[in-house]
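The values are calculated or read from the model by the stated rules, or taken from the named source; none is laboratory data. Computed from a predicted model, the values in this text were never measured in an experiment. Reconstructed Cβ throughout: ideal geometry from the backbone, glycine too, with neighbour counts over all protein chains shown.
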Amino acid sequence: MELDRTSLEKLYRYAYTLTANQADAYDLLHNAIETGLNRPSDTAEKYIAYLRVIMRNRFIDEYRHNQSFPHEDIDDHSPVSMSGSSLEDVVIASHDLSVLWKTIEPVDREVLYFWAVEGLNMREISEKLEISRGTLLSRIHRLRKRLSENVNDRQRGQV
């Protein structure tokens, strides 16, 4: 099955949603396509859905592995104090967004991906994730609350 550029970009965005890391997203997508080459599909839509399942399952496997065998990052991602020019403020805001994104659990990033990127409604998201609509709505409510508290703490300079 041949994938067009748009489909590959959507699959990459989904992988990035799961991993929150550009290199890991590329690896996840590459592995899924490599695995998916062995399975013919009659439509592109089914093939893309199959690749998403592969990526999700592989991500879950790697997540569980990392929970069992944690590693410590050697990169320092702490914010750097800068003067108040507008360009630097944008960089800081971008950094804060990056930090916030990494605090979101992978299952919540997946929900945000389907809602914000794919434009699915709550019913469609609950069907894709195979969870009840009520569970999805309460997950979103808790996520909103956590993000709002985190943003307020950052604005007060507590984080």
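Condition first: under 17 Å from the mean Cα position of the chain (by Cα) and surrounded by fewer than 16 Cβ atoms within 10 Å (Cβ to Cβ). Now tell me which residues in region 108-127 satisfy that. Ala116, Val117, Glu118, Gly119 - these are the residues of region 108-127 that are under 17 Å from the mean Cα position of the chain (by Cα) and surrounded by fewer than 16 Cβ atoms within 10 Å (Cβ to Cβ). Restricting Ala25, Ala44, Ala32, Ala49 to residues that are at pLDDT 80 or above, within 26 Å of Arg146 (Cβ to Cβ) and not assigned by TED's automatic domain parsing to the domain that holds Ser126 narrows the list to Ala25. Of all residues in region 106-130, those that are closer than 16 Å to Leu11 by Cα and in a loop (DSSP other than H, G, I, E, B) total 3. Out of all the residues in region 1-19, is one or more surrounded by fewer than 16 Cβ atoms within 10 Å (Cβ to Cβ), charged (D, E, K, R), out of contact with any Phe, Trp or Tyr (no Cβ under 8 Å at 6 or more places or on another chain) and under 15 Å from Glu110 (Cβ atoms)? Scanning region 1-19, I find no residue that is surrounded by fewer than 16 Cβ atoms within 10 Å (Cβ to Cβ), charged (D, E, K, R), out of contact with any Phe, Trp or Tyr (no Cβ under 8 Å at 6 or more places or on another chain) and under 15 Å from Glu110 (Cβ atoms), so the answer is no. Restricting region 131-159 to residues that are outside any helix (DSSP H, G or I) and surrounded by 13 or more Cβ atoms within 10 Å (Cβ to Cβ), which is nearest to the chain's Cα centre (by Cα)? Among them, the one singled out is Ile131.
Scan region 1-28 residue by residue and report those that are touching an Asp or Glu at 6+ places or on another chain (Cβ under 7 Å) and closer than 19 Å to His65 by Cβ.
So in region 1-28, the residues touching an Asp or Glu at 6+ places or on another chain (Cβ under 7 Å) come out as 17-18.
The answer is Leu18, and nothing else.
If the condition is being among the basic types (Lys, Arg) and touching a helix residue (DSSP H, G or I) at 6+ places or on another chain (Cβ under 8 Å), then region 1-43 contributes Lys10, Arg13, Arg39.
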